[in-house]
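Structure, as C-alpha cells:
The values are calculated or read from the model by the stated rules, or taken from the named source; none is laboratory data. Given the structure is predicted, the values throughout are model-derived calculations rather than measurements. Don't worry about glycine lacking a Cβ; one is built from the backbone with ideal geometry, like all the others, and counts go over all protein chains shown.
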Amino acid sequence: MDITFETSQVNLIPGIRSELAKELLKLGMKQKEISKILNITQPAVSQYISDKRGHGIKFNQQTMDMIRKFALELKEGRSTSTEVIQRTCRIILTRQSETGEIFSEGEGI
C-alpha cells in the first residue's frame with residue numbers, strides 16, 4: 001500500500017495518537033498529562049481514548065510494539081513532547097519500509 005500524505009494526515013496520525021494516548025493512560029498518566037505530552041487538548045485525549053477520534057485502524061503487532069515503546073519513553077521522560085510528530089512519522093515510515101504495510105492483515109484503510 002502506498003502511504004500518501006493525505007492518508008497519513010487523515011487516518012494514520014490520529015490512529016497513532018489514539019494508541020499513544022491509550023498506552024499512556026495504561027501507564028498511569030492522567031488525561032491532562034497526556035494532553036501536555038501530545039500537545040493536544042484534554043478533550044481531544046478523551047476522544048482518542050474513547051475511540052471517538054483516531055479509531056478504525058488496526059495496527060500490526062510490530063507497529064503496536066513501536067507505539068508502546070514510545071509511550072514508555074514519553075512516560076519515563078526519555079522522549080519529549082517535541083518528538084511526538086517526528087516519532088509518529090518515523091513509526092509510519094519504518095513500518096512501511098520494513099513490510100510495505102503497517103496494518104494487520106486484512107485490516108486498515
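Observations on the structure shown:
- Pair list, Cβ under 9 Å, 6 or more apart: the stretch 81-103 residue within 20 Å of residue 33 (Cα to Cα) and modelled with pLDDT of 85 or more, other residue of a type in the set (Ser, Thr, Tyr) and not in a helix (DSSP H, G or I): 87/79
- Residue that is nearest to residue 15 (Cα to Cα), among those in the stretch 41-51 that are modelled with pLDDT of 95 or more and within 15 Å of the chain's Cα centre (by Cα): 48
- Flag if residue 28 is among the small types (Gly, Ala, Ser), surrounded by fewer than 18 Cβ atoms within 10 Å (Cβ to Cβ), modelled with pLDDT of 95 or more and in a loop (DSSP other than H, G, I, E, B): yes
- In the stretch 63-79, residue nearest to residue 19 (Cα to Cα) [restricted to those that are without any contact (Cβ under 8 Å) to a residue 40 or more places away in the chain and more than 13 Å from the chain's Cα centre (by Cα)]: 73
- Leading residue by the ranking (surrounded by the fewest Cβ atoms within 10 Å (Cβ to Cβ)) among those in the stretch 31-76 that are within 21 Å of residue 92 (Cα to Cα) and small (Gly, Ala, Ser): 56
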